[in-house]
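Derivation of every value follows stated rules applied to the coordinates shown; laboratory data play no part. Given the structure is predicted, the values throughout are model-derived calculations rather than measurements. Here Cβ is always computed from backbone atoms with ideal geometry, including for glycine, and neighbour counts include all displayed protein chains.
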Amino acid sequence: MRATFPGEVAWYATGRFYIDEAGSIFDVGYFLHLQGLQGSLFDGERSESTAHFTFHSQPFQSKSVANADLSIGIDTVGEFSLYLNRVPSASFDEPESFGAGERIATFRRVSIVAGLTVPNVVIANVFSASLIWSTEFEYAGERQNLSELLPNGVTQWGTAGTIAITPPPPKYTTVLPFVGSAIAIGA
């Protein structure tokens, strides 16, 4: 195991944003790639229900700033945790299931998140997050710790769809799919 080099791809992830009636937002999903881990990240075909590594954020709020037909979202600083699911079983119909495994790390966004919405086209954002907690875990016969793989955290670029998934699970007004690509932050 070696630390991910600064600027090297740290992960590819996909998931969904969930928005409730009060306007609180959180996101969940799974990793398509985690640099430095050996073995398959899935128990079968790639999907949320077979993913060994998932994530779940704490709820946050977002405010918008308008600039002509662009909407710039300003999200508050927040945290998200990564989980190891030895028996994968996450489902987008039950977003809480993405936080049901062994918590292996927690990241905190280092500042507000600026996102851009182009109506009926795409939503994009970028943020940096520091690793604030991690623990050692065994996977594919090797001891791992994200503090060794990503000691300084990540910068992630995300792209989300603008067409909501219908119907959303109960208690949510909107659900949007997204993909994120992160690189390792240097020392």
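Which of the residues spanning the range 104-159 are exposed (fewer than 14 other Cβ atoms within 10 Å of the Cβ) and either charged (D, E, K, R) or touching a Cys at 6+ places or on another chain (Cβ under 9 Å) (or both)?
If the condition is that a residue be exposed (fewer than 14 other Cβ atoms within 10 Å of the Cβ) and either charged (D, E, K, R) or touching a Cys at 6+ places or on another chain (Cβ under 9 Å) (or both), then 136, 138, 142, 143 are the ones that fit.
Mind checking which residues of the range 47-99 are hydroxyl-bearing (Ser, Thr, Tyr), farther than 20 Å from residue 36 by Cα and surrounded by fewer than 18 Cβ atoms within 10 Å (Cβ to Cβ)?
Result: 47, 49, 62, 64, 71, 76, 89, 91.
For the range 16-25, which residues satisfy the criterion of being assigned to a strand (DSSP E or B) and either over 10 Å from the mean Cα position of the chain (by Cα) or on the phi > 0 side of the Ramachandran plot (or both)?
18, 19, 20, 25
So residue 7 clears everything in (1) out of contact with any Leu (no Cβ under 9 Å at 6 or more places or on another chain); (2) assigned to a strand (DSSP E or B); (3) within 20 Å of residue 111 (Cα to Cα) except one condition, right? Which one?
Tallying (1) out of contact with any Leu (no Cβ under 9 Å at 6 or more places or on another chain); (2) assigned to a strand (DSSP E or B); (3) within 20 Å of residue 111 (Cα to Cα), residue 7 fails exactly one: (2).
I'd like the full set of residues that are touching a Pro at 6+ places or on another chain (Cβ under 8 Å), polar (S, T, N, Q) and either outside any strand (DSSP E or B) or touching a residue at least 60 places away in the same chain (Cβ under 8 Å) (or both), limited to the range 45-90.
If the condition is that a residue be touching a Pro at 6+ places or on another chain (Cβ under 8 Å), polar (S, T, N, Q) and either outside any strand (DSSP E or B) or touching a residue at least 60 places away in the same chain (Cβ under 8 Å) (or both), then 49, 50 are the ones that fit.
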